[in-house]
Amino acid sequence: FIPLQISVVAALHAVVATDVGAVCVEKSLSRLLESLVDIHVQGQKDGLVEEGNKLPHNFLMVLVYLYNFKVLHHTLISDILLALCNVEAYTPSSSSSSSSSSPAYSTSDILQRCSTAYRLELVELLLLHAGHSLRQDDLPSLLQAIQRLKAAQAQLQQQDHGALPSSRFLYMLQLLTDLKQGKAKQSFCCAFYSSRYRVYARGQALNGRLIL
């Protein structure tokens, strides 16, 4: 459903005005960060962290498909990927510890408060829907993401006295490595390209109707 909606935005972006895509990107990124704040920042204060809340996943999907339809440049998607892969211990910043009733949080503050498992869910979502495109457009960012996950793996093993990371963590590292080497599993490639072709065909048909 999201890819079909984004195909409409992409058609309007190409035919009507580029402001359509710009507004969608701005609103989606803002709502992505706001939803993460609501879940992981306010939730920690209230003692109710809703790890099952998928609202950030939906807004990330919007941004990913805006990139797939060439409305959004790959730089923003790469920045999001690297920020999600930057697993560090949370250290409050001066802005987040202020006495203001509605303090401003930096992106790093927000992501550091998210659990590693939740961030890996978002990384997996991003890679499954935009991994191959990102490999073609920005391979160095994929390499940097691998380095950050490996550093996080070493850090987690040190904290847990040599215990192995979770299966999701190891799967994510393997997925990134496969993308880097261009040999992702066949089922992954088939699912990705068949899904992307269906969305592209719908977008082209819709774009044709708008032009006519």
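To keep it simple, each residue is scored yes or no on (1) modelled with pLDDT under 70; (2) open to solvent by 40 Å² or more (accessible area, probe 1.4 Å).
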residue: Gln136; (1), (2): no, yes
residue: Pro140; (1), (2): no, yes
residue: Lys150; (1), (2): no, yes
residue: Ala154; (1), (2): no, yes
residue: Gln158; (1), (2): no, yes
residue: Phe169; (1), (2): no, no
residue: Lys185; (1), (2): yes, yes
residue: Gly203; (1), (2): yes, no
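Pick from region 1-21 the residues that are surrounded by 15 or more Cβ atoms within 10 Å (Cβ to Cβ) and free of Cβ contacts under 8 Å to residues at least 60 places away in the same chain: which of them is nearest to Tyr65 (Cα to Cα)? Among them, the one singled out is Gly21.
Pick from Glu51, Glu26: which is open to solvent by 60 Å² or more (accessible area, probe 1.4 Å) and modelled with pLDDT under 90? Full working, then the answer.
Working: Glu26 fails: modelled with pLDDT under 90.
After applying the criteria, what remains is Glu51.
The residues in region 22-35 that are touching a residue at least 12 places away in the same chain (Cβ under 8 Å) and among the charged types (D, E, K, R) can be counted, and the count is 1. Note on region 59-107: among residues that are under 28 Å from His132 (Cβ atoms) and of a type in the set (S, T, N, Q), the one that is modelled with the lowest pLDDT is Thr107.
The values are calculated or read from the model by the stated rules, or taken from the named source; none is laboratory data. All figures in this text were calculated on a predicted structure; none of them were measured in a lab. Using ideal geometry, Cβ is built from the backbone for each residue, glycine included, and neighbour counts are taken over all protein chains shown. Just so you know, the surface numbers come from the protein's heavy atoms only, side chains and all, with ligands and any DNA or RNA stripped out. Shrake-Rupley method; radii C 1.70, N 1.55, O 1.52, S 1.80 Å.
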